[in-house]
């Protein structure tokens, strides 16, 4: 594999890294935001539209974040305040946001725009091989590194991060310790939504510059699957994203070799990724961890035990 | 406000709000809302031909929704329904291409093949859940992707149109494999759809099986302790749901497209989930709600042709309607809860 290939894999995986980091934070706090597939589409459309109209990419990214934050807030409100089924609300919002993006984005289909500018990071980009693969991108890609490392440090190395985990794992205990469980769940669901919005903008303003109907379809579902694949650990989930990015780049590179089945190649990464997830999920695979304790850290994939469960104070 | 009106509010409010949202969206898009609604009506129910076409779209949606009632009542999120529709269409297409003979033989065989295709795909997701502990949402999603892969492969590969391979679909089926019609209507398809609704209604309301299935859905642990083999019920529910979705796929292939296309599911699986949610997961209301949804879907494709609006407006309307219905039911429960809490506090104080 040469530098350019690795660089393109990292670029392709960037939006997914944002989405997966966001959803991991949300689910760690105990809420499932199933609306990802639609949220990403709607924020991709909004981000592109806002950037085109305002002429500022920054405004585009901000608008995209706001849209996904609003959807996440609705998921949080419906599940925490109204105690509705999170899956049901998330599913409806997925379909609704996807259709809204098609309807509202009609005027922006096929419009040209300038994407995020690339620049080398001084010194780091000079490292042989890895320098050009990792540090010759644009702010969107660098931001995903920061989000990824930041989320890991926050979740596992800070007091607030541990509180977040407590709220997701044992809400009753967290409450007994004086934490406002539901308020924290609101906050982290909305914060997770902000990252999902970044994912949308990273598509429409960078990786797949432009807007066309349904252009990020299924990426949200894959992101939800990768969160599980990563065992609710952002770094492991990011590995899943890069794996998926590699599959995508591979499928793209194979197209000239197999022109006869070129239409099916873009679907294959989704199929392979989900098959891998199923494998990871299968019982016998998880039991490997019991047989080889050294593997347990890599294999462990238990969801936060308070995931999807409403916290009722009484 | 009379009592009757008050009881109807939770049902009417979402409809009113959905209408309001669609009016705002239409105005934003620079269209006259009344002209748009008129076009939705005339485009879907305006004349006999349109009505027949709308009913033909209604059939697969009702079939998928009827199957989803079974899986929802068993407490399962059958996201794999799209793949089950696709596989039903694939197996039906195989019969339509390979089995010779008159319509009297081919048509029942395509339906049977559709049942088998959907059944297998439903059972696969159930087996992953029961034997592999794979959550049915992700197992089903994976099987959806696999089914999409299979149908695209077949359409551009082994079953490609004579001469050219393109994603526009296979060759059109021979006449004997077309779902028979009387005038513009297809009484067989409509009959099958109605039979499915009635069948599911009685299954859930009048049989011991239905009762146990609901027990598994409400509280699997208690059901298991009561001696119900919960795994078997999960398998049966997904199998039945898949079988009905498979018939939906058959109707799509033999009655609507008359060939296999990559988008053969028409999105009726996911739309069916919305229908069933709005019907409060019961069979009684799915037929009329599905009709309403289909009128919106078919009508909004007319909108896109006549008013140059994106046809996704139909989906937006349906989504907003279900979202508001969910929120309204949640708000209703919330009010009941807080009122009960208030009375408890009063009683204690």
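Just a few scattered comments:
- Meets criteria (away from every other protein chain (no Cβ under 14 Å) and either on the phi > 0 side of the Ramachandran plot or at pLDDT below 90 (or both)) for residue B:199: no
- Candidates in region A:23-55 are the residues that are without any contact (Cβ under 8 Å) to a residue 24 or more places away in the chain and touching a helix residue (DSSP H, G or I) at 6+ places or on another chain (Cβ under 8 Å); of these, the one that is nearest to residue A:154 (Cα to Cα) is A:50.
- In the condition set (1) outside any helix (DSSP H, G or I); (2) more than 8 Å from chain B (Cβ to nearest Cβ); (3) over 28 Å from residue A:142 (Cα atoms), residue A:84 is compliant with all but (2).
- Helices (runs of 4 or more DSSP H) lying entirely in region A:98-177 (those with 3 or more residues that are under 21 Å from the mean Cα position of the chain (by Cα), more than 14 Å from every other protein chain (Cβ to nearest Cβ) and exposed (fewer than 14 other Cβ atoms within 10 Å of the Cβ)): A:139-157
- Just so you know, in region A:246-261 the residues that are within 12 Å of another protein chain (Cβ to nearest Cβ) and at pLDDT below 90 include one that is surrounded by the fewest Cβ atoms within 10 Å (Cβ to Cβ), and it is A:259.
- Residue in region B:286-300 that is at positive phi and within 14 Å of chain A (Cβ to nearest Cβ) present: no
- Selection within region B:41-95 - assigned to a loop (DSSP other than H, G, I, E, B) and either within 15 Å of the chain's Cα centre (by Cα) or under 19 Å from residue B:240 (Cβ atoms) (or both): B:74, B:75, B:76, B:77, B:78, B:79, B:80
- Among the numbered conditions (1) in contact with a helix residue (DSSP H, G or I) (Cβ under 6 Å, 6 or more places away or on another chain); (2) at pLDDT 95 or above; (3) closer than 20 Å to residue A:183 by Cβ, the only one that residue A:74 does not meet is (1).
- Residue tally, condition at the interface with chain A (Cβ under 9 Å from one of its Cβ atoms) and part of a loop (DSSP other than H, G, I, E, B), over region B:136-165: 2
- Test: residue B:271 is at the interface with chain A (Cβ under 9 Å from one of its Cβ atoms) and within 25 Å of residue B:145 (Cβ to Cβ): yes
- Qualifying residue in region A:214-231 (condition: within 12 Å of another protein chain (Cβ to nearest Cβ), touching a residue at least 60 places away in the same chain (Cβ under 8 Å), surrounded by fewer than 18 Cβ atoms within 10 Å (Cβ to Cβ) and at negative phi): yes
- Single residue of B:317, B:235, B:291 found to be modelled with pLDDT of 95 or more, under 19 Å from the mean Cα position of the chain (by Cα) and assigned to a helix (DSSP H, G or I): B:291
- Any hit, region B:117-127, residues being within 14 Å of chain A (Cβ to nearest Cβ), more than 18 Å from residue B:265 (Cβ to Cβ), in a helix (DSSP H, G or I) and out of contact with any helix residue (DSSP H, G or I) (no Cβ under 6 Å at 6 or more places or on another chain): yes
The values are calculated or read from the model by the stated rules, or taken from the named source; none is laboratory data. Keep in mind it's a predicted model, so treat the numbers as computed, not measured. Cβ coordinates were reconstructed from backbone atoms using ideal geometry, including for glycine residues, and neighbour counts include every protein chain displayed.
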